[in-house]
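Let me begin by handing over the structure; questions about it come next.
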Amino acid sequence: MDFLKTLGIQEMNFGASSGQQWLETTGSEISVHSPATGAFIAKVRQASEAEYEAVIARAQEAFVDWRVMPAPKRGEIVRQIGLRLREYKEPLGKLVSYEMGKSLQEGLGEVQEMIDICDFAVGLSRQLYGFTMHSERPQHRMYDQYHPLGIVLTISAFNFPVAVWSWNAMIAAVCGDVNLWKPSSKVPLTAIACQNIIAEVLRENDLPEGLFSLVVGKGSTIGERMLEDKRIPLVSVTGSINVGRHANEVVSRRFGRCILELGGNNAIILTPDANLKMAIPAVVFGSVGTAGQRCTTTRRLIVHESIYDQVKDSLVKAYGSLRIGTPMDESNHVGPLIDTAAVAMFGKAIEMAQKEGGTLIYGGETLEGDDYASGCYVRPAIIEAENHFEIVQEETFAPILYLIRYSGDVSEAIALQNGVVQGLSSSIFSDNLREAELFLSHAGSDCGIANVNIGTSGAEIGGAFGGEKETGGGRESGSDAWKAYMRRQTNTINYGTTLPLAQGIKFDL
């Protein structure tokens with residue numbers, strides 16, 4: 001395919017780069033197949049531990065120079081990366097779609113997110129502010145400032161193979177950090193393509209090796225070594241709760257830091273005052289977009305009993321009109337799951353929900369035929385369930401929507417929404433001001449993201465992205481999330497001629 005050639009993807013690709021150069025890796029091979037068709041795309045030879053050492057050594061050296069470059073000049077490099085991504089938007093978006101399985105529109109949209117975060121980071125490079133505080137001592141000035149941390153490791157997941165990395169990498173870069181990327185082994189080709197694109201900018205600016213590095217390697221060896229590596233002060237992990245819990249335990253033992261973006265079990269509340277013409281499309285997009293493989297996917301729909309049957313009928317009708325097929329065809333709404341293991345997980349979750357008393361009212365089957373030859377296509381499912389079901393309490397990374405009925409006031413619905421261990425995204429549809437404000441209050445949603453009259457997915461890069469509870473508490477992207485990529489320092493300057501001591505202590509010297 002032409003877009004593979006444009007992006008520098010070969011039949012066999014090396015799995016380690018120090019920025020401008022690819023290392024001749026010697027690890028085991030990964031064969032990458034498209035979930036859209038089942039067709040072979042390319043191979044990647046993973047990095048060994050020795051090759052990892054070579055990459056991180058160069059990253060250490062690069063940080064020494066990068067950290068002292070003025071932040072606006074670092075922003076200029078990020079600006080150029082954003083421009084180059086604009087040039088490669090179409091082929092990179094196609095690769096995202098073909099390798100991961102999300103729709104072409106979503107693939108192109110993911111690359112646009114990369115471009116947008118570059119623009120955001122460029123502006124941020126002139127706004128890395130601190131605060132000045134009044135000192136209690138005369139002729140003293142006190143303030144805080146932020147300094148670069150060092151090497152930032154980004155461990156990204158398959159569902160957003162490039163965007164989440166860029167949220168971390170571009171913000172960290174303008175903060176003066178260097179970047180090391182460990183992509184999901186399910187989608188390594190998009191990471192390799194990004195590395196090729198960035199290498200052009202690095203060469204043109206005669207920048208040192210090691211600013212943007214990449215290592216594709218086994219989690220059990222290379223991944224563990226990264227987590228244990230004291231040369232990496234910050235690790236950003238996007239993945240399951242179990243993966244994040246393990247990473248946090250390992251990194252915290254060496255007093256490193258983690259940004260954790262873990263599971264979501266996101267709910268939309270529909271009250272009697274909901275505008276259903278707005279709500280139904282939001283629910284459908286939120287639950288089937290990316291085939292249910294977003295951390296912000298709508299997994300639970302909490303509906304007041306007075307409108308429950310109407311909502312159920314509308315959803316079944318809307319689901320019946322979904323077009324399922326190759327993500328490369330823009331007329332399709334739903335593409336494949338990432339692999340057949342995800343399909344098996346989808347089927348098992350539906351079976352468990354039914355055993356617990358749930359009722360499957362739509363979908364749930366694996367699709368067969370020439371158009372679905374990869375074995376990764378399913379029909380999105382709708383299940384009537386109760387919030388306390390064990391399977392409902394879990395995050396199943398697939399297009400399953402649980403319908404949950406409530407009968408009291410909005411406080412009951414909020415309690416149901418909060419009654420899971422995850423705390424990423426949440427939403428309420430209501431034209432009732434009191435209900436909306438309660439949802440956003442201290443007594444409302446306990447999630448990191450709370451929306452009114454929009455769905456749970458589609459977060460903007462200008463806001464800090466992340467969640468509470470077992471979602472991990474991390475924040476990426478916009479607002480002041482940049483502070484996580486820097487070390488904070490409080491400074492006091494005595495510009496007087498005396499030295500006042502704490503608690504009025506005096507020495508006769």
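So how many residues does region 420-460 have that are open to solvent by less than 10 Å² (accessible area, probe 1.4 Å), among the small types (Gly, Ala, Ser) and in a strand (DSSP E or B)?
Final tally of qualifying residues: 4.
Moving on to the next point. Taking region 390-419, which residues are part of a loop (DSSP other than H, G, I, E, B) and either out of contact with any strand residue (DSSP E or B) (no Cβ under 8 Å at 6 or more places or on another chain) or open to solvent by 40 Å² or more (accessible area, probe 1.4 Å) (or both)?
Residues satisfying the conditions are Glu394, Glu395, Phe397, Ser407, Gly408, Asp409, Gly419.
Restricting to region 374-389, name every residue that is farther than 21 Å from Leu322 by Cα and open to solvent by 20 Å² or more (accessible area, probe 1.4 Å).
Scanning region 374-389 gives Glu386, His388.
Among the numbered criteria (1) closer than 30 Å to Val164 by Cα; (2) buried (at least 21 other Cβ atoms within 10 Å of the Cβ), which one does Ala353 miss?
With (1) closer than 30 Å to Val164 by Cα; (2) buried (at least 21 other Cβ atoms within 10 Å of the Cβ) applied to Ala353, the lone miss is (1).
Give region 22-42 a look and list any residue that's over 17 Å from Pro161 (Cβ atoms) and buried (at least 16 other Cβ atoms within 10 Å of the Cβ), or say none.
Trp22, Leu23, Thr25, Gly27, Thr37
Only one residue in Arg245, Arg299 is buried (at least 24 other Cβ atoms within 10 Å of the Cβ) and within 19 Å of Val420 (Cα to Cα). Which one?
Residue meeting the stated conditions: Arg299.
Please state which of the following conditions Leu260 fails to meet, knowing it meets all the rest: (1) outside any loop (DSSP other than H, G, I, E, B); (2) more than 20 Å from Asn179 (Cα to Cα); (3) touching a Gly at 6+ places or on another chain (Cβ under 6 Å).
Looking at each condition in turn, Leu260 falls short on (2).
Output the number of the condition that Asp371 fails; it satisfies all remaining conditions of (1) open to solvent by 10 Å² or more (accessible area, probe 1.4 Å); (2) at pLDDT 95 or above.
Result: Asp371 passes all but (2).
What number of residues in region 481-509 are assigned to a loop (DSSP other than H, G, I, E, B) and in contact with a strand residue (DSSP E or B) (Cβ under 9 Å, 6 or more places away or on another chain)?
Total meeting the criteria: 3.
Got a sec? Which of Ala464, Ala459, Ala484 is in contact with a helix residue (DSSP H, G or I) (Cβ under 7 Å, 6 or more places away or on another chain) and under 28 Å from Ile115 (Cα atoms)?
When all the criteria are applied, what remains is Ala464.
Now a separate question. Just for strands (runs of 3 or more DSSP E) wholly inside region 102-196: which have at least 3 residues that are open to solvent by less than 30 Å² (accessible area, probe 1.4 Å), at pLDDT 95 or above and under 19 Å from Gly219 (Cα atoms)?
Correct list: 151-155, 178-182.
Here is a yes/no grid of residues against (1) under 20 Å from the mean Cα position of the chain (by Cα); (2) in contact (Cβ under 8 Å) with a residue 12 or more places away in the chain; (3) outside any loop (DSSP other than H, G, I, E, B):
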{"position": "Ala279", "(1), (2), (3)": "no, yes, yes"}
{"position": "Val283", "(1), (2), (3)": "no, yes, yes"}
{"position": "Ala291", "(1), (2), (3)": "yes, yes, yes"}
{"position": "Lys317", "(1), (2), (3)": "no, no, yes"}
{"position": "Ala344", "(1), (2), (3)": "no, no, yes"}
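Among the residues of region 226-238, are any among the acidic types (Asp, Glu), touching a residue at least 60 places away in the same chain (Cβ under 8 Å), open to solvent by less than 20 Å² (accessible area, probe 1.4 Å) and not in a strand (DSSP E or B)?
Yes: one or more hits.
Counting only residues that are assigned to a helix (DSSP H, G or I) and out of contact with any helix residue (DSSP H, G or I) (no Cβ under 9 Å at 6 or more places or on another chain), which one in region 197-209 is surrounded by the fewest Cβ atoms within 10 Å (Cβ to Cβ)?
Applying the filter and picking the extreme gives Arg203.
The values are calculated or read from the model by the stated rules, or taken from the named source; none is laboratory data. Everything numeric in this text was worked out from a predicted model, so none of it was measured. No Cβ is skipped: glycine too gets one built from the backbone with ideal geometry, and neighbour counts run over all protein chains shown. Areas reflect the complete protein model, heavy atoms only, side chains present, ligands, DNA and RNA absent. Shrake-Rupley method; radii C 1.70, N 1.55, O 1.52, S 1.80 Å.
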